[in-house]
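A short write-up of the structure that comes next.
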Amino acid sequence: MCGLYGISDAVLTPYDRIFEMLERAIMGGLKIFQLRDKIHSDTDLAPLCVKLMQVCASHGVLFVLNDRARLAQELQAPALHIGSADGILSDIRKDFKGIIGVSCYDSLSLAQEAQDKGADYVAFGAFFPSSTKPNAKRVAPEILLRAKETIQIPICAIGGITSLNAHQLKSTQMIAVIGGLWRGDVLENARELQKCWQA
């Protein structure tokens, strides 16, 4: 797993525009897309998930569902991302056979535990001020280098990432972006993020 990782947002990716925006992000090089919805029920969200999964699959993009382990299992989603309050990884792993990513915030011990219990990737952040999660604890980029010493699974960086700061996160396999991708010209943002990150 590697590359630009886009995460949906209730305001920035409204559902009447999400397909158009996703297509432009994919044209710009998006490799992973996460649907993050904290509002709708599983029943209401399921049809949208199916359509987004189809779009992603047709372009070779990995679709990730945020938090909803039961829905991910029902739809046989290819991937699921969970945080500290979204269930016990070992229990989810028993039922869900797809890719599982785990938010580890600023904790190497959480990342090690997630790896030991079957996670397929871990995420650290926020690395920079984030308008999506303004109260998120800040993490120094150096944690990525320390993580690489003990973590064998892919590592994702998240939090306030833009084309102006992505170059500070070269030691990670993925950068997860919300505002820096979806605000403005999505196609150009995707290209610039990758250019900066990989420069």
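At a glance:
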{"item": "Anisotropy class of the range 1-96 from Cα gyration tensor, a/c 1.5 cut", "result": "prolate"}
{"item": "For the range 52-124, alpha-carbon Rg over 2.2 N^0.38 Å", "result": "1.09"}
{"item": "Kirkwood Rh (inverse of mean 1/r, distinct Cα pairs), the chain, angstrom", "result": "16.7 Å"}
{"item": "Span-rule helices in the chain, defined as complete DSSP H runs reaching 15 Å or more along the axis (Cα) with Kyte mean at least 0.5", "result": "42-58"}
{"item": "Residues of the range 39-77 with amide N under 19 Å of the 7 Å Cα→Cβ point at LYS94", "result": "68-74"}
{"item": "Surrounding net charge for ASP185, when Lys and Arg each add one and Asp and Glu each subtract one, Cβ distance under 10 Å", "result": "+1"}
{"item": "Net charge, ASP42 excluded, C-beta distance under 12 Å - Lys, Arg +1, Asp, Glu -1", "result": "-2"}
{"item": "Computed lengthening from ARG17 to ARG191, 0.36 nm per intervening residue step minus Cα-Cα distance", "result": "60.6 nm"}
{"item": "Tensor-based shape of the range 86-199 (alpha-carbon gyration tensor, a/c under 1.5 rounded, otherwise prolate or oblate)", "result": "prolate"}
{"item": "MRE, 222 nm, helices only [DSSP H, n ≥ 4, -39500 (n - 2.57), over the chain, to nearest 500]", "result": "-11000 deg cm²/dmol"}
{"item": "Gain in span if fully extended, LYS117 to ALA57, counting 0.36 nm per residue against the direct Cα distance", "result": "18.9 nm"}
{"item": "Rounded Å value of the spacing that divides the Cα centres of the range 58-126 and the range 154-196", "result": "21 Å"}
{"item": "Student exercise, the range 1-43 dipole from Lys, Arg, Asp, Glu Cβ charges, in Debye to nearest 20", "result": "180 debye"}
{"item": "By average C-beta atoms within 10 angstrom, highest first, the peptides 46-58, 101-113", "result": "101-113, 46-58"}
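A short reminder: the numbers here are calculations on the coordinates, not readings from a lab. These figures come from a predicted structure and were not determined experimentally. Note that each Cβ is placed from the backbone with ideal geometry, even for glycine, and that neighbours are counted across all protein chains shown.
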